[in-house]
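First the structure, in the form of structure tokens, and then the observations on it.
The values are calculated or read from the model by the stated rules, or taken from the named source; none is laboratory data. All of these numbers come straight from a predicted model, not from anything done at the bench. Every residue, glycine among them, receives a Cβ derived from its backbone with ideal geometry; neighbour counts consider all protein chains shown. Accessible surface areas use protein heavy atoms only, side chains included; no ligands, DNA or RNA. Shrake-Rupley method; radii C 1.70, N 1.55, O 1.52, S 1.80 Å.
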Amino acid sequence: MGAVSGGIRVRGIAERDWDAVVALEADAYTALGLSEGRAALRSRADASPDTCFVLDVDSRPAGYLLALPYPAFRCPDLTRPEAPDGPADPSANLHLHDIVVAPHLRRRGLARHLLLHLTRTARAREHERISLVSVGGSEAFWSARGFTAHPDVALPDGYGPHAVYMSRPVPADGAGDPEPGGTAPHGGPSVHHEAS
């Protein structure tokens with residue numbers, strides 16, 4: 001596990017990125033039966049393009065993050081795309097739906113670059129909380145980053161038997177922001193359906 005050789009940049013998703021995003025998502029989730037496919041992924045990004053990002057390494061997409069405003073204690077249904085007009089009402093809650101880093105670049109802290117960018121974006125947009133659905137045994141990873149489990153929240157079908165809804169307040173001053181360096185356990189955090 002060597003260092004990343006080139007520059008790291010987080011930016012908005014462009015039209016040219018969708019083949020890479022779909023390939024990353026399929027690689028992470030198809031074997032688990034959790035892949036959503038291009039239409040659902042695009043619908044989530046279209047619902048909130050300012051909170052969905054690509055991570056470039058050496059000027060190539062190496063990961064992505066999809067987040068969208070969603071009412072607290074609710075999350076997207078994995079079996080269908082978002083409605084064209086988004087969730088029923090705007091929310092002070094920003095839901096981190098998916099975060100993936102290419103397999104050969106995992107365990108290098110790259111997911112934290114995406115998470116830091118999301119936290120800063122949430123603060124700038126005046127969201128009060130960030131939520132997610134932890135799957136694949138990643139609850140401890142997210143707990144270490146300030147997320148609290150809400151095991152009483154009922155999740156739509158498709159997230160798996162051990163999925164847990166979690167949330168955390170958006171730090172007002174950046175003191176609780178995730179550090180961009182470091183490593184994530186066993187391939188990284190699992191959110192929505194899996195991997196990073």
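Would you kindly state how much longer the chain becomes between A92 and D46 on full extension, computed as 0.36 nm times their sequence separation minus their alpha carbon distance, in nm to one decimal?
Fully extending the segment from A92 to D46 adds 14.7 nm.
The portion of the accessible surface of the range 1-152 made up by carbon and sulfur, rounded to a whole percent, is 50 (1.4 Å probe; DNA, RNA and ligands excluded). Given in Å, the Rg to one decimal and the Dmax to the nearest whole number for the Cα atoms of the range 31-100 are 12.6, 39. How much FRET efficiency would the formula 1/(1 + (r/R0)^6) give for S59 and A124, where r is the Cβ-Cβ distance and R0 is 30 Å, rounded to 0.05? Here the calculated transfer efficiency is 0.70. Given points 7 Å out from each Cα along the Cα-Cβ axis, report the R11 to D173 separation in nanometres with one decimal. Between R11 and D173, the simple spin-label model gives 3.4 nm.
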